[in-house]
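Below: one structure, written as structure tokens.
The values are calculated or read from the model by the stated rules, or taken from the named source; none is laboratory data. This one's a predicted model, so the numbers in the text were calculated from it and none came from an experiment. Here the Cβ positions follow ideal geometry from the backbone for every residue, glycine too, while neighbour counts run over all protein chains shown.
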Amino acid sequence: MKQILLLLFLLTAKQSCAQKAALLITNKETLKERIIKENKRIRVTKVTGEKFQGRFAIIDENSIALDGVEIHLSEIKRIKRHPLFNTIFIKSNLVHIGSLGLFFGLLGAGLGSSTGNGANINPEYYVMGGVVILAAGIYGALKEPNLNKGYNTNKKWRFSIHNGLNDENQATSIIDQL
């Protein structure tokens with residue numbers, strides 16, 4: 001029984017020591033480091049101005065693939081995390097807020113015209129206000145706001161690939177030390 005537990009422990013220890021490759025983002029001045037693991041959603045802007053977003057895969061030490069397009073690290077101007085949850089949550093809420101704005105504009109117009117007690121505000125203003133709120137909500141949802149911090153090469157950030165412990169010999173030597 002002890003041998004089985006020891007074997008199980010060693011197999012799980014080897015799995016926990018092995019790390020996947022990741023994108024290492026380092027600031028040249030402050031030496032701060034940020035790591036984005038492979039297969040995370042990011043938004044990349046190239047030096048030429050082209051924008052790509054999606055899950056990224058590491059091809060080699062100098063390039064990544066994003067939506068099937070190979071991008072060399074020297075071509076990247078800006079990288080931003082782009083989580084799917086934030087995208088869905090913010091987009092849907094902006095559309096809902098815009099719809100509520102239109103609803104309350106129509107409701108205000110209906111109540112304003114039905115009272116008729118010498119109201120100074122024209123009911124069309126309520127509808128126009130609701131349409132403006134709806135348009136702002138739809139524009140915000142289409143523009144896909146991203147509230148995460150971006151890492152720009154103009155602000156002294158540089159990008160490299162960090163391989164971790166992908167080498168089998170390194171992982172076994174760490175297990176041997178245990």
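Here are some notes:
- You will find that of Ile58, Ile90, Ile35, the residue that is buried (at least 17 other Cβ atoms within 10 Å of the Cβ) and either at pLDDT below 85 or assigned by TED's automatic domain parsing to the domain that holds Trp157 (or both) is Ile58 and no other.
- All strands (runs of 3 or more DSSP E) inside segment 20-120 with 3 or more residues being more than 17 Å from the chain's Cα centre (by Cα) and among the basic types (Lys, Arg): none
- The residue pairs whose first member lies in segment 133-145 and is outside the structural domain of Gly101 (by TED's automatic domain parsing) and of a type in the set (Val, Ile, Thr), whose second member is modelled with pLDDT under 80 and part of a loop (DSSP other than H, G, I, E, B), and whose beta carbons are closer than 7 Å, counting only pairs six or more residues apart or on different chains, do not exist in this structure.
- Verdict on Lys77 being assigned by TED's automatic domain parsing to the domain that holds His162, surrounded by 12 or more Cβ atoms within 10 Å (Cβ to Cβ) and without any contact (Cβ under 8 Å) to a residue 60 or more places away in the chain: no
- When the test is whether a residue is under 28 Å from the mean Cα position of the chain (by Cα), among the charged types (D, E, K, R), at pLDDT 65 or above and in the same structural domain as Ile35 (by TED's automatic domain parsing), Lys156 passes it.
- Check on Phe52, of a type in the set (Phe, Trp, Tyr) and either under 22 Å from His162 (Cβ atoms) or modelled with pLDDT of 85 or more (or both): yes
- Ala135 of a type in the set (A, V, I, L, M, F, W, C), farther than 29 Å from Lys77 by Cα and modelled with pLDDT under 75: no
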